[in-house]
Amino acid sequence: MIHKRLSIVVTSGLIGISVLFGAPAQADDTGNPPKVELVLDVSGSMAAADIDGATRISVAKKAFGEVVDGLGETTQLGIRVLGARYSNDDKKLGCTDTQQIVPVGPVDAQQAKDAIATLKPHGFTPIGLALRKAADDLGEGGSARRIVLITDGEDTCTPPDPCEVARDLAAQGTRLVIDTLGLTPDEKTRKQLVCISTATGGTFASADSEQELSGRVQQLVGRAALPPPVVPATVAGAESCDKAPQLTPGVYSDREKIGEHRYYRVPLQPGQELRASVSVALDRPVNRDYGVLLNAVTDDGRELVRGLDAGSGRSDVVSSGLRWSGETAAAQSGAGTGASPTVCLIVSNSFASATSGAAPGMPIELSVDTVAASDVPDAPGLGRGWLLLLVLTVAGLIAGVLAGWLTRWWVATWREN
């Protein structure tokens with residue numbers, strides 16, 4: 001089908017997804033300081049002496065002390081540990097082993113360092129449980145919340161699976177980000193920590209030396225103290241266009257299950273152009289050969305334009321975008337001149353996963369904007385390039401006449417010889 005003024009713009013590299021409350025693309029004006037909690041693994045493996053000749057726990061203690069000394073007066077910081085109380089003798093008891101040793105709030109540096117100094121590696125690694133408790137420690141206020149998990153190994157107490165815990169926390173719509181930091185992590189640990197951080201729009205990093213660990217922790221705590229300048233608005237897409245929420249220009253966050261379609265409505269004025277993009281964060285392993293599709297359709301389901309992004313293999317985010325002229329949308333939808341057409345955006349995916357279920361849905365971020373319609377030619381075709389068409393036609397005629405004359409001359413010469 002040929003449509004007027006059709007142009008697809010595929011956009012990529014939108015920021016990682018954080019499911020946050022607020023008005024579309026609004027600044028963080030809650031007035032509450034961001035909160036951060038450090039979650040430290042004190043399980044038995046932290047006794048290994050393989051970081052600059054020192055044990056992992058001693059290096060972590062020193063790094064924590066440097067971080068605490070460098071905290072600003074307004075920083076709201078808490079510290080929670082796991083595997084610090086019970087030994088490896090009783091797994092059932094050891095998998096409940098997580099305690100908050102410093103409550104979230106303005107930190108007494110000496111008190112915090114004294115609490116850290118008493119830690120000794122003991123037991124198991126209940127990461128999933130510790131993340132749930134850390135989220136409770138941070139509360140549900142309007143401020144941004146961040147968890148920084150430092151561990152040298154994967155969870156040894158599943159269930160709950162820490163990746164599923166991170167997805168559940170993100171799906172609750174609270175402003176929570178989890179960053180993960182691996183101490184000399186093996187490949188299995190790295191994959192789990194990447195999974196945890198990706199689910200909430202956080203970051204993963206590894207550290208193999210005391211200096212690297214201290215710098216990474218300070219960097220993450222400093223990042224947590226900076227509230228995001230823009231907060232995407234939470235929106236729930238519908239299962240059909242007639243039930244879809246109406247969106248104005250802004251940035252929105254939602255969740256979409258594997259194989260699901262999410263519908264949103266965007267009103268346009270005559271002479272306006274719709275520009276939209278969507279990014280989906282792959283917060284779990286997915287099978288090869290997948291895609292994300294963003295469609296713009298009329299009320300009766302006729303497709304106007306689409307944007308597609310596809311891949312095969314590991315990727316953190318896939319994105320797609322489109323643009324569409326409001327004047328053309330009015331003509332396609334049957335609206336008269338001066339009418340205000342409504343375009344329905346459909347976000348769909350072709351993901352498949354053999355290891356995780358569809359719930360709670362993958363994080364998506366939808367960006368919507370309306371601008372003055374750009375002056376572009378009809379497509380496909382030459383548009384306003386009539387002069388070029390005329391030049392090509394004349395050139396073809398001349399070339400044809402010359403070719404005919406040369407052919408006749410060559411035939412006549414050949415016969416004479």
**Prompt:** Residue by residue through segment 91-105, which ³J(HN,Hα) values in whole Hz follow from phi under the Karplus form 6.51 cos²θ - 1.76 cosθ + 1.60 (θ = phi - 60°), with glycine and proline marked x?
**Reply:** 5, 4, 6, x, 7, 9, 8, 8, 9, 8, 9, 9, x, 5, x
**Asked** Counting only residues 5 or more places away or on other chains, whose amide H sits under 5 Å from the amide H of V343 once H atoms are built in the peptide plane?
**Response** V266, L268
**Request:** Identify all lysines with a Cα-Cα distance to K62 below 27 Å; exclude those on the same chain that are fewer than 8 residues away in sequence.
**Result:** K35, K113, K120, K133, K188, K191
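If you stretched the chain out fully between D50 and K62, how much longer would it get, using 0.36 nm times the residue separation minus the C-alpha to C-alpha distance?
Numbers: separation 12, 0.36 × 12 = 4.32 nm, distance 1.53 nm.
Gain in length upon complete extension: 2.8 nm.
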**Request:** In whole Hz, with x marking every Gly and Pro, tabulate ³J(HN,Hα) for segment 211-219 from phi via Karplus 6.51 cos²θ - 1.76 cosθ + 1.60, θ = phi - 60°.
**Result:** 5, 5, 5, 4, x, 5, 5, 4, 4
**Asked** Given R₀ = 22 Å, FRET efficiency for K191-R288 by Cβ-Cβ distance, to 0.05?
**Response** 0.85
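With +1 assigned to the C-beta of every Lys and Arg and -1 to the C-beta of every Asp and Glu, and no other charges, what is the dipole magnitude of segment 35-224 about the Cα centre in debye, to the nearest 20?
320 debye
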**Complete:** Between L388 and S209, the two model label points (7 Å from Cα along the beta-carbon direction) sit apart by a distance in nm of 5.7 nm
**Request:** Figure the gain on full extension for Q99 and E239 (residue separation times 0.36 nm, minus the Cα-Cα span) and round it to one decimal in nm.
**Result:** 46.1 nm
**Message:** Along its three principal axes, how long is segment 35-224 when you only count alpha carbons? Whole Å, largest extent first please.
**Reply:** 41, 36, 28
**Item:** Under 21 Å from K257, Cα to Cα: lysines that are on another chain or at least 8 residues apart
**Value:** K243
**Asked** For V305, which sequence-distant residues (separation of 5 or more, or a different chain) have an amide H within less than 5 Å of its own amide H, given hydrogens modelled in the peptide plane?
**Response** A296
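According to the square roots a ≥ b ≥ c of the eigenvalues of the Cα gyration tensor, what is the shape class of segment 158-203, taking rounded for a/c under 1.5, prolate for a/b larger than b/c otherwise, and oblate for the remainder? Spell out each step's value before the answer.
Working: a/c = 2.98, a/b = 1.58, b/c = 1.89.
Oblate.
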**Fill in**
Over all directions, segment 59-103 yields a Cα convex hull whose mean projected area in nm² is 3.9 nm²
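Each value in this text was obtained by applying a stated rule to the coordinates, not by laboratory testing. Predicted model, so just to flag it, every value in this text is computed and none were measured. So basically every Cβ, Gly included, is an ideal-geometry build from the backbone, and we count neighbours across all protein chains shown.
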